[in-house]
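Accompanying notes for the structure given below.
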Amino acid sequence: MTNKPFSQACENNKAPILEIIRRVFTQPCHVWEIGSGTGQHACYFAKHLPHLQWHPTDRAENIAGIHLWQQEANLPNLHPARILNVTDFRWPCTAIEALFTANTLHIMSEEEVHIMFKQLKSTLSAQAKFCIYGPFNYQGNYTSQSNAQFDRWLKNQHPLSGIRDFETVVALALKSDIHLIEDVDMPANNRLLIFQKA
């Protein structure tokens, strides 16, 4: 039997993230979430943004845990979690109207980040908004000592993981006709990058 997963980081950052995405995703639309993790964010955002249809996704091993959160939340605008690995040839979603992901780019390998943006060139609809939350380096430098320690911990867990460079992410997005429109400073040395498909 699967126990309901819990992330303290999600509890800590869900309200500050909501404050920003509330003003980004203003129109009724379907929002796909890459890497929903425990499912806490999906439930929280769907509850507080009832004009949105929220679609959580993650790797197969995390789907059961997300479903436990969904069953408890019982929200009409929260869709069943779907399996999505960014390296899959075919994603379970096309013509994405809006996209959100939190704390995923530093878990992925650099190659997976490249593949994700290549996929978004064809799966994101024109004018779609895309929000990425997490830590970033600027000009190759850590923004805090805690981020440097976190990066070392990540690489110890998996050598291909690590905090990504802001400039690299923006350049990859541009190659897929996705333009940065805002870089928001967030608590705990994190950022929320807001992009829009041309």
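Collect the residues in the stretch 90-139 that are over 20 Å from ALA42 (Cβ atoms) and assigned to a strand (DSSP E or B), keeping them in residue-number order.
SER125, ALA126, GLN127, PHE136, ASN137, TYR138
What are the pairs with Cβ atoms under 7 angstrom where one residue, in the stretch 180-198, is on the phi < 0 side of the Ramachandran plot and the other, located anywhere, is acidic (Asp, Glu) and not in a strand (DSSP E or B)? Sequence gap at least six, or different chains.
The qualifying pairs are LYS197/ASP177; ALA198/ASP177.
Does at least one position in the stretch 54-69 carry a residue that is in contact with a helix residue (DSSP H, G or I) (Cβ under 6 Å, 6 or more places away or on another chain), assigned to a strand (DSSP E or B) and of a type in the set (Phe, Trp, Tyr)?
Restricting attention to the stretch 54-69, the residues satisfying the condition of being in contact with a helix residue (DSSP H, G or I) (Cβ under 6 Å, 6 or more places away or on another chain) are 54, 56, 69.
Those still in the list that are assigned to a strand (DSSP E or B) too: 54, 56.
Still in the running and of a type in the set (Phe, Trp, Tyr): 54.
So far as the stretch 54-69 goes, yes, one or more of its residues are in contact with a helix residue (DSSP H, G or I) (Cβ under 6 Å, 6 or more places away or on another chain), assigned to a strand (DSSP E or B) and of a type in the set (Phe, Trp, Tyr).
Assess whether GLU182 counts as being assigned to a helix (DSSP H, G or I), in contact with a strand residue (DSSP E or B) (Cβ under 8 Å, 6 or more places away or on another chain) and among the charged types (D, E, K, R). Even if it seems obvious, please write down each step before you answer.
On the way: assigned to a helix (DSSP H, G or I): no; in contact with a strand residue (DSSP E or B) (Cβ under 8 Å, 6 or more places away or on another chain): yes; among the charged types (D, E, K, R): yes.
Here the answer is no, as GLU182 does not meet what is asked.
Any idea which residue in the stretch 30-50 is nearest to the chain's Cα centre (by Cα), counting only those that are over 13 Å from CYS131 (Cβ atoms) and not in a loop (DSSP other than H, G, I, E, B)?
First, pick out the residues of the stretch 30-50 that are over 13 Å from CYS131 (Cβ atoms): 30, 36-40, 42-44, 46-48, 50.
Subset that is not in a loop (DSSP other than H, G, I, E, B): 30, 40, 42-44, 46-48.
On the way: HIS30: 15, GLN40: 13, ALA42: 11, CYS43: 14, TYR44: 14, ALA46: 15, LYS47: 18, HIS48: 18 Å.
Here the residue is ALA42.
So, in the stretch 88-108, of the ones that are of a type in the set (S, T, N, Q) and within 15 Å of the chain's Cα centre (by Cα), which residue ends up nearest to GLU182 (Cα to Cα)?
The first filter runs over the stretch 88-108 and keeps only residues of a type in the set (S, T, N, Q), leaving 94, 101, 103-104.
Applying the additional criterion that residues be within 15 Å of the chain's Cα centre (by Cα) yields 101, 103-104.
Details: THR101: 15, ASN103: 18, THR104: 19 Å.
It comes out as THR101.
Among the residues of the stretch 70-89, count how many are aliphatic (A, V, I, L, M) and assigned to a loop (DSSP other than H, G, I, E, B). Show your work before the answer.
As a first pass, look at the stretch 70-89 and keep what is aliphatic (A, V, I, L, M): 73, 75, 78, 81, 83-84, 86.
Checking the rest, the ones that are also assigned to a loop (DSSP other than H, G, I, E, B) come to 75, 81, 84, 86.
Adding up the residues that qualify gives 4.
Quick one: which residue in LEU124, LEU160, LEU154 is more than 19 Å from SER109 (Cα to Cα), under 19 Å from the mean Cα position of the chain (by Cα) and of a type outside the set (D, E, K, R)? It would help to see each step written out before you state the result.
On the way: LEU160 fails: more than 19 Å from SER109 (Cα to Cα); LEU154 fails: more than 19 Å from SER109 (Cα to Cα).
From the options LEU124, LEU160, LEU154, the qualifying one is LEU124.
Could you go through the stretch 72-86 and let me know if any residue there is surrounded by fewer than 16 Cβ atoms within 10 Å (Cβ to Cβ), of a type in the set (Val, Ile, Thr), within 15 Å of the chain's Cα centre (by Cα) and modelled with pLDDT of 95 or more.
So far as the stretch 72-86 goes, yes, one or more of its residues are surrounded by fewer than 16 Cβ atoms within 10 Å (Cβ to Cβ), of a type in the set (Val, Ile, Thr), within 15 Å of the chain's Cα centre (by Cα) and modelled with pLDDT of 95 or more.
I'd like the full set of residues that are among the hydrophobic types (A, V, I, L, M, F, W, C), assigned to a loop (DSSP other than H, G, I, E, B) and either on the phi > 0 side of the Ramachandran plot or touching a residue at least 40 places away in the same chain (Cβ under 8 Å) (or both), limited to the stretch 2-28. Please lay out each step first, then the result.
First, pick out the residues of the stretch 2-28 that are among the hydrophobic types (A, V, I, L, M, F, W, C): 6, 9-10, 15, 17-18, 20-21, 24-25.
Among the residues that remain, those that are also assigned to a loop (DSSP other than H, G, I, E, B) are: 6, 25.
Of everything in the stretch 2-28, just one residue is among the hydrophobic types (A, V, I, L, M, F, W, C), assigned to a loop (DSSP other than H, G, I, E, B) and either on the phi > 0 side of the Ramachandran plot or touching a residue at least 40 places away in the same chain (Cβ under 8 Å) (or both), namely PHE25.
Residue under question is HIS51, and the condition is that it be touching a Pro at 6+ places or on another chain (Cβ under 6 Å) and open to solvent by 50 Å² or more (accessible area, probe 1.4 Å); does it hold?
On the way: touching a Pro at 6+ places or on another chain (Cβ under 6 Å): yes; open to solvent by 50 Å² or more (accessible area, probe 1.4 Å): yes.
Here the answer is yes, as HIS51 does meet what is asked.
How many residues does the stretch 155-179 contain that are under 16 Å from ALA128 (Cα atoms), part of a loop (DSSP other than H, G, I, E, B) and open to solvent by 30 Å² or more (accessible area, probe 1.4 Å)?
1
Select from the stretch 90-106 the residues that are free of Cβ contacts under 8 Å to residues at least 60 places away in the same chain and within 12 Å of THR123 (Cα to Cα) and write down the one among them that is surrounded by the most Cβ atoms within 10 Å (Cβ to Cβ). Working first, answer last.
First, pick out the residues of the stretch 90-106 that are free of Cβ contacts under 8 Å to residues at least 60 places away in the same chain: 90-92, 94-95, 106.
With within 12 Å of THR123 (Cα to Cα) added as a condition, the list becomes 90-92, 94-95.
Details: ARG90: 8, TRP91: 20, PRO92: 11, THR94: 10, ALA95: 11.
Only one residue tops the list, namely TRP91.
The values are calculated or read from the model by the stated rules, or taken from the named source; none is laboratory data. Keep in mind that this is a model prediction, so the values were computed, not measured. Note that we place each Cβ from the backbone using ideal geometry, even for glycine, and neighbour counts take in every protein chain shown. Note: accessible area is taken over every heavy atom of the protein model, side chains too, but ligands, DNA and RNA are not part of it. Shrake-Rupley method; radii C 1.70, N 1.55, O 1.52, S 1.80 Å.
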